[in-house]
Amino acid sequence: MQRPFVHPAVDDVSLESVLYALADPTRLEIVKRLAGGAACGMNCSMAAPADLPKSTQSHHFQVLREAGLIRSERRGTEVVNSLRCSELDKRFPGVIASILKASDKNKKK
């Protein structure tokens, strides 16, 4: 039997853990893909960069999950991830949107 995913309660999510998780360019790219994707979430291989080994993908998704940024759910053999935007926006109004917007501006320079 597989271990269930552990998701912190939104009240336990710290701004420091969110910023730490998003400081990594790969994790930021994953969050941007999830933000631009379907409302129902994306499986890991679609959200992560294609050249990333599965073990590295797992690590990045674990950091994002433990930081409270994503919710992961097993669906058969897939793991589907979705952003916890509405929950995080209540805790830290506008922070995630501002980070994503700023990262787009920096990429265009």
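The values are calculated or read from the model by the stated rules, or taken from the named source; none is laboratory data. If you're wondering where the values come from, they're calculated on a predicted model, not measured in any experiment. Cβ coordinates were reconstructed from backbone atoms using ideal geometry, including for glycine residues, and neighbour counts include every protein chain displayed.
The one condition from (1) over 24 Å from residue 4 (Cβ atoms); (2) at pLDDT 90 or above that residue 87 does not meet is (1). Beta carbons closer than 7 Å, at least 6 apart along the sequence or on distinct chains, pair a first residue in the stretch 1-16 that is closer than 16 Å to residue 77 by Cβ with a second that is part of a helix (DSSP H, G or I) for 5/65. Output the residue which, of all residues in the stretch 64-109 that are part of a helix (DSSP H, G or I) and among the aliphatic types (A, V, I, L, M), is surrounded by the most Cβ atoms within 10 Å (Cβ to Cβ). Among those that are part of a helix (DSSP H, G or I) and among the aliphatic types (A, V, I, L, M), it is 64. Among residues of the stretch 38-55 that are farther than 13 Å from residue 26 by Cβ, those with a Cβ under 9 angstrom from a residue that is modelled with pLDDT under 80 and not in a helix (DSSP H, G or I), sequence gap 6+ or separate chain, pair up as 46/37.
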